[in-house]
Amino acid sequence: NRQILLVSRPQGAVSEDSFRIVDAAVPEISDGQVLVRNHYLSLDPYMRGRLNDAKSYADPQPLDEVMIGGTVGEVIDSKFDGLEAGDRVVGMGGWQLVSAQAGNSLRKLPPGLPLSVFLGAVGMPGVTAWIGLMTIGEPKAGETVVVSSAAGAVGGVVGQLAKARGCRAVGIAGGPEKCRYVTEELGFDACLDYKAGDLYARLKAATPDGIDVYFENVGGEIFDTVIRRLNPFARIPVCGWISSYDSGALYPIRNLPIILTMRARMQGFIVSEHLEHWADALRELGELVAAGRIKYRERITEGLEKAPAEFIGLLHGANFGKQLIKLI
Ligand code: NDP
């Protein structure tokens, strides 16, 4: 059973040296567990935080253990009532080909949609978009919703959900190709390339009525620029701050008093702490994806051994769409 372990904590930017590939025996399962052959591994920005030995909402990834990670796969053996060989499941199988997992930690997947979508638009990133937008953003028809990392797994869903609720959706993404995809494929009203210079002037033109909801994925200078366009009583779901994850360097936010003058509400959230909304979110996301009203894009890289390099790329925008590793 091929696995990838974390063997050292990065000082500064993460490098492939922090990871090691090993071959281990296929695990024995005990009562209540199932054995899963993982088909796809999800690579996600939150993993960068787990590499640090720092106070956060979750414990650090232990050294010399299999890297955590979301997976979809097929049950190959079961000692858990309710799951049997052949069932398709999503869970936290980690960076490995086969995993023994507690049966009650797995969600059995419905037929109809491709397996990989349950790690993206109809999985944790999609649910993140739904929970942040619906429970903190509270968009109303006619309002303007802006989202950063708009070509990504979370951001792409945010804008499409906003459109489905009758809002104007404006994305921010890195590069003309990603911006073209966000408007032409995902149907946003506008998308701004933050690498093209003078973001504020272009944002002003794209948000003539100001901004009612800003769904934050990246933080830093983009946050500092976008909040200048906030309307009174704007809502800001703070989902991510990826611009500083790898370097640790924090951009000084100069315009923060706007939160006061616009009486804006800004709230961070962690998707795994809102289990009460998952069923509603997954139902709507599944329906919208099946109906073609939520579109998504995946970057699928074959081979577990590619995971460290692809993970590093994800932190710096090398991915275009949901980053996955195909394991079989
Ligand atoms: P994405 O698919 O959006 O991939 C990450 C993207 O971040 C890159 O492609 C890149 O896009 C962008 N990026 C990287 N560095 C910068 C930078 N310095 N400035 C601007 N953009 C940058 O990842 P996800 O959709 O999975 O995650 C998006 C965000 O949501 C992350 O911050 C993540 O931590 C957060 N998240 C939070 C959750 C929660 O519970 N709060 C749960 C899941 C995700 P580009 O090429 O456009 O720059």
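Using Cβ counts within 10 Å as a stand-in for footprinting exposure, how do V122, V66 rank, fewest first?
Working: V122 29, V66 19.
Final ranking by Cβ density, sparse to dense: V66, V122.
Annotation: amide H of V7 within the under-5 Å range of F19, R20, D64, sequence separation 5 or more or interchain, hydrogens built in the peptide plane. For the stretch 124-272, the calculated P(r) over all alpha carbon pairs, in 10 Å bins from 0 to the bin holding the longest distance, is 13, 47, 36, 4 percent.
Kindly provide the helix-only [θ] at 222 nm of the chain, computed as the sum of -39,500 (n - 2.57) over DSSP H runs of four or more divided by all residues, to the nearest 500 deg cm²/dmol? List each step's numbers first, then the result.
Values: 9 runs with 71 residues, N = 328.
Helix-only estimate at 222 nm: -6000 deg cm²/dmol.
Can you order the peptides 230-241, 203-214 by their average number of other Cβ atoms within 10 Å per residue, highest first?
Numbers: 230-241: 20.5, 203-214: 18.7.
Those peptides, ordered most packed to least, come out 230-241, 203-214.
Farthest towards the positive end of the charge dipole of the chain, among the residues A206, L161, F19, is the Cα of A206, using unit charges on the Cβ of Lys, Arg, Asp and Glu.
Listed values for the stretch 263-271 are Karplus-derived 3J(HN,Hα) couplings in whole Hz (6.51 cos²θ - 1.76 cosθ + 1.60, θ = phi - 60°), namely 6, 7, 10, 10, 9, x, 7, 10, 4, and x replaces Gly and Pro. Taking the fewest neighbouring Cβ atoms within 10 Å as the starting point, the ordered list for S116, S15 is S15, S116.
Residue-normalised convex hull volume from the C-alpha trace of the chain: 128 Å³ per residue. Pairs over the 25 Å Cα-Cα cut-off, from the set K195/K322; K79/K322; K55/K163; K55/K108: K79/K322; K55/K163; K55/K108. For the chain, complete DSSP H runs whose alpha carbons reach 15 Å or more along their own long axis and whose mean Kyte-Doolittle score is 0.5 or higher are 153-164. Going from the fewest other Cβ atoms within 10 Å to the most, the residues S99, S272 appear in the order S272, S99.
Readers should treat all values here as calculations from the given coordinates under stated rules, not as data from a laboratory. Being a predicted model, the structure only gives us computed values, none of them experimental. All Cβ positions, even for glycine, are placed from backbone atoms using ideal geometry, and neighbour counts span all protein chains on display.
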